[in-house]
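Report on one structure; see the data block that follows.
Computed from the coordinates by the stated procedures, all read-outs in this text should not be read as laboratory data. Keep in mind that this is a model prediction, so the values were computed, not measured. No Cβ is skipped: glycine too gets one built from the backbone with ideal geometry, and neighbour counts run over all protein chains shown.
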Amino acid sequence: MTVALSGKEIASQIEEKSPGSVEESSQDSLVVKSDSLLSVAAFLKDNETLKFDYLNYITAVDYFSYFEVVYQLTSLEHNHTVVIKTRCYSRENPAVPSVIGVWQGADFQEREIYDLMGIKFEGHPNMKRIFLWEGFPGHPLRKDYLQ
Amino acid sequence: MEVSGDREYIYSSIELDRYEGQVIEELKASSQEAIPDPDEWLEEELERNILLTTVDAIINWSRRSSLWTAMCFPACCAFELIAVEGPRFDLSRFGMEILRASPRQADLMITAGTLTWKMAPNVKRIYNQMPEPKWVIAMGACAISGGIFRSSYSVVPGYNKIIPVDVYVPGCPPRPEALIHGIRMLQRKIAKTPVVPDLPELPLKGKRR
């Protein structure tokens, strides 16, 4: 059975490496500042004791006052998992750095989030709609989307 | 030969008997030679293999008896279609179990599943690539009206918005028996189609009846 690591524990390890990059943490997850997401992702993947080499999924949530992007990571070697999140507060032009350089599987899922939520992933090589078509008005999974 | 009238019977008059006898004698006299067979000039092989029918009947029979289905199954109704094709329900009893990967070899489209606007141009293209004459069966609630996804931003509310539909098979998904019934309804529909157009219709080129 895969062990779900404590978000607090991981957060303290990250804070040791790069202080000030964790916004908050709990038993289930931790929230990372979006401008330090890439360095945290690289740390989580490369650290010998953590080694999160597999990205289960990326998804996003609209909380009206901010968007939250959720990543679930798993280490196939150590058989443990963690959920990390990052937030963006702009509604007009929300953007998060793309983790495609760390986990290639992020490609289509980041495009899906851009398509349905309107969050741009900076550094993604092909940031365009995937399910809907060019010219579709708005992003339908946003809470304020009305047909 | 004159029938002599010297006896009386209780049931009929002599006159009547005489008349009946005359009719028989006349027929007998004129029926001494065998009537020649009007098809005598035909060879025996040919004679046994000729069947008279109409152009409409023969063409519609061949069209409806082997409908080849184009592969266009965007969603879950396809599994019921697979069941129909399989040994339990066995669509080949009706001569149309064959599925074609190329729409150019098909004349029936069974639209088994939800259609999104993203997919719609491709389905329309597959339909346009099918040679005439061609038919469409809308299978399931999604194909008929969009089903539970009707009010969604991304779903086509019914295939008849983009291609003409001949038969609607309701259900979510329809039972295999229902699809077979739909196909047999389509066969009956094809059987009624006039193949040879009336003369005034000829100038309307490319227009589908």
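Key figures
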quantity: When residues of region A:134-147 are limited to those that are closer than 13 Å to A:Leu116 by Cβ and hydrophobic (A, V, I, L, M, F, W, C), the one farthest from the other protein chains (Cβ to nearest Cβ); calculated: A:Leu141
quantity: Residue in region B:135-153 that is within 17 Å of the chain's Cα centre (by Cα) and either touching a residue at least 40 places away in the same chain (Cβ under 8 Å) or within 14 Å of chain A (Cβ to nearest Cβ) (or both) present; calculated: yes
quantity: Residues that are buried (at least 20 other Cβ atoms within 10 Å of the Cβ) and either more than 24 Å from B:Trp61 (Cα to Cα) or within 14 Å of another protein chain (Cβ to nearest Cβ) (or both), drawn from region B:93-122; calculated: B:Ala112, B:Gly113, B:Thr114, B:Leu115
quantity: Check on A:Glu68, under 24 Å from A:His139 (Cα atoms), assigned to a strand (DSSP E or B) and among the charged types (D, E, K, R); calculated: yes
quantity: Wholly within region B:103-203, strands (runs of 3 or more DSSP E) carrying at least 2 residues that are within 26 Å of A:Leu132 (Cα to Cα) and among the hydrophobic types (A, V, I, L, M, F, W, C); calculated: B:108-112, B:135-139
quantity: Check on B:Gly86, surrounded by fewer than 15 Cβ atoms within 10 Å (Cβ to Cβ) and either away from chain A (no Cβ under 14 Å) or in contact with a Leu (Cβ under 6 Å, 6 or more places away or on another chain) (or both); calculated: yes
quantity: Number of the exception - B:Pro74 against (1) part of a loop (DSSP other than H, G, I, E, B); (2) over 25 Å from B:Gly147 (Cβ atoms); (3) not acidic (Asp, Glu); calculated: (2)
quantity: Residue within region A:104-127 that is within 14 Å of chain B (Cβ to nearest Cβ), outside any loop (DSSP other than H, G, I, E, B) and among the acidic types (Asp, Glu) present; calculated: yes
quantity: Number of the condition not met by B:Cys172 [criteria: (1) farther than 14 Å from B:Trp68 by Cα; (2) of a type outside the set (D, E, K, R); (3) in contact with a Gly (Cβ under 7 Å, 6 or more places away or on another chain); (4) surrounded by 15 or more Cβ atoms within 10 Å (Cβ to Cβ)]; calculated: (4)
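Per-residue answers, yes or no, for (1) surrounded by fewer than 19 Cβ atoms within 10 Å (Cβ to Cβ); (2) touching a residue at least 24 places away in the same chain (Cβ under 8 Å):
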residue	(1), (2)
A:Gln72	yes, no
A:Leu76	yes, no
A:Gln109	no, yes
A:Asn126	yes, no
A:Lys143	yes, yes
